[in-house]
Amino acid sequence: HTTFAELLAQALDREQDLVHVGNAGSAGTPAELCREARPDVVVMDYHLPDGNGLDAAGAILHESPQVRIITLTGNPTPEILGRAAGSGVCGFLPKDGSLRTLLDTVRFARPGSMVVHPSLLAVQVSAPEQNHHGVLTARVQQVLALMAAGSDVRANAKLLGISENTCRGYVKAILAKLGGHTQLEAVGGARSRRLLPEFPGA
């Protein structure tokens with residue numbers, strides 16, 4: 001959105017330690033702009049007129065792996081979160097979040113780590129039906145939602161800020177609780193018991 005981009009540019013230039021170096025309005029131009037402007041950080045909207053921000057981020061990181069990329073979204077489905085976890089971006093924030101949070105993420109995001117706003121994890125977990133209360137904890141539900149999105153253990157652990165061993169423990173707990181021998185069986189069982197949230201248009 002042009003208005004959002006212009007307001008963000010102004011906000012960056014008002015900060016003593018930050019400066020805005022350019023805008024790209026489509027998925028096809030960010031990599032070219034990065035070659036010219038050589039930014040330290042890119043703030044990328046997920047929804048672009050001719051594609052999506054994660055594909056554009058991948059093109060940038062292929063050429064410049066040191067660039068830190070923060071992705072914004074107004075529609076945080078499990079599929080998008082799962083892709084973001086394995087994409088190499090350093091931050092994943094809601095587009096309607098606070099400006100201060102975005103500016104702080106621009107300052108402190110580091111390659112190899114991923115900052116995820118808690119609200120984006122929270123939307124993955126809808127309260128189960130009353131007769132399912134207590135079957136799965138909130139954290140296990142988060143892991144289950146990411147499993148359903150097709151993410152692997154490494155990506156899920158990074159997204160949730162936990163170790164891979166801890167994440168594997170949650171996967172084992174899910175298999176045990178849902179009686180599945182594989183992650184695919186567990187996800188199928190969770191869907192049939194309506195333990196996974198439904199997202200319009202997902």
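The values are calculated or read from the model by the stated rules, or taken from the named source; none is laboratory data. If you're wondering where the values come from, they're calculated on a predicted model, not measured in any experiment. Backbone-built Cβ (ideal geometry, glycine too); neighbour counts: all protein chains shown. Accessible surface is based on the protein model in full, side chains and every heavy atom, while ligands, DNA and RNA are left aside. Shrake-Rupley method; radii C 1.70, N 1.55, O 1.52, S 1.80 Å.
Structure above, values below:
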item: Nearest-10 value in Å² for the accessible area of LEU195, using the 1.4 Å probe; result: 10 Å²
item: Rounded accessible area of ILE80 (nearest 10 Å², 1.4 Å probe); result: 10 Å²
item: C-alpha long axis of helix 2-14 to longest principal axis of the chain, angle in °; result: 70 degrees
item: Folded to 0 to 90 degrees: helix 99-108 orientation relative to the chain principal axis, Cα; result: 90 degrees
item: Angle between the chain longest axis and helix 53-63 axis [Cα atoms, degrees, rounded to 10]; result: 60 degrees
item: Solvent exposure, largest accessible area first (probe 1.4 Å, DNA, RNA and ligands not counted), of ARG107, ARG35; result: ARG35, ARG107
item: Highest-fluctuation residue, ASP55, ASP45, ASP17 considered, GNM on the chain with Cα pairs under 10 Å; result: ASP17
item: Listed residue (LEU54, ILE80, ILE70) projecting farthest to the positive dipole end of the stretch 53-115, Cβ model; result: ILE70
